[in-house]
Amino acid sequence: MRRRFVGRVAPALALVAVATVVVACGGSDAPSESASGEKSGGALTLTTWGGAYQIGQTKAFATPFGDESGAKVTVTSPTDYAKLKSMVKTGNVVWDVVDVEPFITRQGCEEGWLEKVDQTNIPQDAFLASMKPSPCGVPNGAYTTMIAFQPDKFTGAEPQNWADFFDTKRFPGKRAIQNYAAPGPLEAALLADGVSKEQLYPLDVDRAFRKLSTIRKDLVFYGSGDQSEQLMRSGEVVMCACWASRMFDLESQGVDVGRTWNEQVIGYDDFVIPKGAKNAATATEFIKFAVSPESQVRMTQFVPWGPSTTEAAAKPADATKEWVPTTPERLKVAISTDYDWWTENFDDVASAYQQWLLK
Amino acid sequence: VASEVAIPDTGPRLRVGGLWRGRVNGWTLLLVPPLAYLCVVVGYPLLTVLQQSVTEPTTGLGNYEKVFGTGIYVDALIRTFRTSALVTGLCLVCGYPYAYLMTVVGPAWRRVLIFVVLVPLWTSLLIRTYAWTVLLQDTGLINTTLLKLGLIDQPLHLIRTQIGVLIGMSQVLLPFMVLPLYANMRGIDPSFMKAAANLGARPATAFRRVYLPLTRPGAVAGALIVFIYALGFYITPALLGGPRDAMLSQLIVLQVSQLLDFGLGSAMAGVLLVVTLLLVAILARFVRPTTGTAAR
């Protein structure tokens, strides 16, 4: 009986196997692009988050750095913390510079899987007050979680702050928010609940979840920037706690996007070097190059990523300046993510956020 | 591993748990490269994962205690199996008549039907899932059409619900049900049904007593593939389901790549693996692949 079963099933399985192989081969690998360099100046692999952000970093940092130093720069994506940590653990480090969030910088520094970055040639006072370099990481640019909305859905008053975002009576309709804890959702909830900017940290996590729960049925959670754009483009949500760079992208596709900078929650990314990186010296040079005022301004020609240094933040390129979060007047109404607090609490709070989402 | 590699060509003396009952011939040796390959690319990493689950961050069963001690993880495990079972059922209900249709139409139509099943397989999973988003969302094609026709006042909750997950996963996995069923049905001699009719069986009886038992191997094979595949689904439930529809694999990814808790993530993977193997072993025992007249 068993033989007959096998006899009948085997060809079927073979057919499926062939189909699967075809599908598997059709799938694309992580995109990687080589960013020039004929002069012999070593090699460098930069790993970052993909999308328009990666294109921006390639054009603003990687290609010019390759031209100047002669290094052959390869840009890959996406950043994967598990991969990064495993690489160092197994001694097979193929990345030289990685774009990460600051609490990863601090965790990796403490646990010893990131290199200390030599910052003797990087002026430490050049950075914005809320974006300080740390021993293992240098801030390379800011992003923001801001309130964006569909202007045609609100003919009278428009949402001005997080309290409005949470007011489903005055502003009915679904709103999108990220399914990832830091930074953004909890800060937004507490500000909406009346906590002042100055007393925001340490975050009252329980209070934040209580506030979030009040509008839970009107919340749509997005897991990627693409998804947030899709929700806004299709009119699935009337409002969004979204990343400015994504709303810029949406607007450049011809979608009308309303916005307020008030109470925008600013976060930033660091460039770090994995422990045992093969081209650590070139990596250090690259980081210095990337945070120079010229490179930082050049980045804003391509994507509205906020420069991390004061000089560059004051003069973003015309192409994106309507959406750059770190201009002086926008910083005045902004909230800066407290990464010291998040480093201490990320694991617990991120887990709690996931558990709240599942409940 | 050693037992598979060290197959002597002296014949049937070597018996590993009755596996090599017959004479080991040259053809059997063809199995060695794929098995060795699997040991390296699947076996070894899997063992690493299992090892991590009891050594990170400290040695012991702490991670497993955490998995079974946390309500949402147990819920996610149950939900994962329930969703997979429902998807398997849906695939069987849709795939069985489809595969049958493939066996009764002419060659030209059969080619069309095979093509229709295979084309989605050649499209990226992500694109197919996004396509479902466009169809199922509140402002999507289905809801806007129904609203315009005046059949509903409020959009139906299709996306970000269990329904969305089931629809999306079933469509993605349907080929894995149809293909084994079709391969099975193609081999069934149509004269069996005629014989049953000759002997006085009505069509329904003939189907139930003759055709259905004959197709059981295909159905079992299809169901097993779909079920096991479904257990590891990640992208489709993430995009079409709500946060409460998360499957265990989503939580594993979260533990590993966001919280860097390799130990807990590995323990979840270990639990999923063991429960799956147990379930498959039990199913394989109870759902005996029988054929033809020996069905009862």
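Structure notes:
- Peptide B:136-144 - average C-beta neighbours from other chains (10 Å radius): 2
- Remark: the range A:41-105 is approximated by an ellipsoid whose semi-axes, taken from the C-alpha gyration tensor as √(5λ), come to 21, 15, 9 Å, largest first.
- For the protein assembly as shown, a crude dipole built from +1 on the beta carbon of Lys and Arg and -1 on the beta carbon of Asp and Glu, taken about the Cα centre, is about 4580 debye to the nearest 20.
- Of B:32, B:67, B:105, the one that fluctuates the most in a GNM where chain B has Cα springs shorter than 10 Å: B:32
- The range A:276-339 gives an Rg/Rh value of 1.08, both radii derived from C-alpha positions and Rh following Kirkwood.
- For B:164-176, mean number of other protein chain Cβ atoms within 10 Å: 1
- Total formal charge among the other residues, if their Cβ is under 13 angstrom from that of residue A:333, Lys/Arg +1 and Asp/Glu -1: +2
- Shape analysis of the protein assembly as shown yields a ratio of the Cα radius of gyration to the Kirkwood radius, Rg/Rh, of 1.02.
- For chain A, the Kirkwood estimate of the hydrodynamic radius, built from every pair of different alpha carbons, is 21.9 Å.
- Whole-percent pair-distance distribution, where bins are 10 Å wide, for the alpha carbons of the range A:85-200: 10, 30, 26, 20, 12, 2
- Using only side-chain charges placed at the Cβ, +1 for Lys and Arg and -1 for Asp and Glu, the dipole size of chain A relative to its Cα centre rounds to 1580 debye.
- For residue A:72, the aspartates and glutamates whose Cα comes closer than 18 Å to its Cα, not counting residues fewer than 8 places off in the same chain, are A:33, A:38, A:96, A:285.
- Rolled with a 1.4 Å probe across the full set of protein chains, the surface gives residue A:201 an accessible area near 40 Å².
- Across the range B:200-273, the volume of the C-alpha convex hull divided among the residues equals 121 Å³ per residue.
- Dipole magnitude for chain B: about 1360 debye, using +1 per Lys or Arg Cβ and -1 per Asp or Glu Cβ, origin at the Cα centre.
- Long-range amide H partners of residue A:137 with built H, under 5 Å: A:117
- The range A:219-359: projected area of the alpha-carbon convex hull, averaged over directions, in nm²: 10.9 nm²
- Beyond 35 Å, the tail of the calculated P(r) for chain B holds 37 percent of the Cα pairs.
- Per residue of B:72-84, other chain Cβ atoms within 10 Å of the residue Cβ number 1 on average.
- Scaled against 2.2 N^0.38 Å for its residue count N, the alpha carbon radius of gyration of the range B:146-265 is 1.59.
- Karplus 3J(HN,Hα) series, Hz, for the range B:34-42 with 6.51 cos²θ - 1.76 cosθ + 1.60 (x for Gly, Pro): x, 5, 4, 4, 4, 4, 6, 8, 10
- Between residue A:322 and residue A:256, the distance separating the two model label sites (each 7 Å from Cα on the Cα→Cβ line) works out to 1.3 nm.
- Using a 1.4 Å probe over protein heavy atoms, the accessible area lost on pairing B with A, summed over both chains, comes to approximately 3700 Å².
- Among A:66, A:254, A:184, residue whose mean-square fluctuation peaks in a GNM of chain A (springs only between Cα atoms under 10 Å): A:254
- Max mean-square fluctuation residue, GNM over chain B, Cα-Cα springs under 10 Å, options B:204, B:246, B:221: B:204
- Average Cα contact separation per residue, the range A:171-265, under 8 Å, 6 or more apart, as relative contact order %: 39 percent
- Considering every alpha-carbon pair of the range B:24-139, the percent of pairs per 10 Å bin, from zero through the bin containing the longest distance, is 10, 16, 25, 29, 16, 4, 0.
- Distance (nanometres) between label positions extended 7 Å along Cα→Cβ at residue B:154 and residue B:100: 3.9 nm
- A Förster distance of 35 Å, applied to the separation of the beta-carbon atoms of residue A:210 and residue A:92, puts the FRET efficiency at 0.15.
The values are calculated or read from the model by the stated rules, or taken from the named source; none is laboratory data. Model, not experiment: these values are computed from the prediction. FYI the Cβ positions are ideal-geometry reconstructions off the backbone, even for glycines, and counts take in every protein chain you see. These area figures cover heavy atoms from the full protein model, side chains too; ligands, DNA and RNA do not enter into them. Shrake-Rupley method; radii C 1.70, N 1.55, O 1.52, S 1.80 Å.
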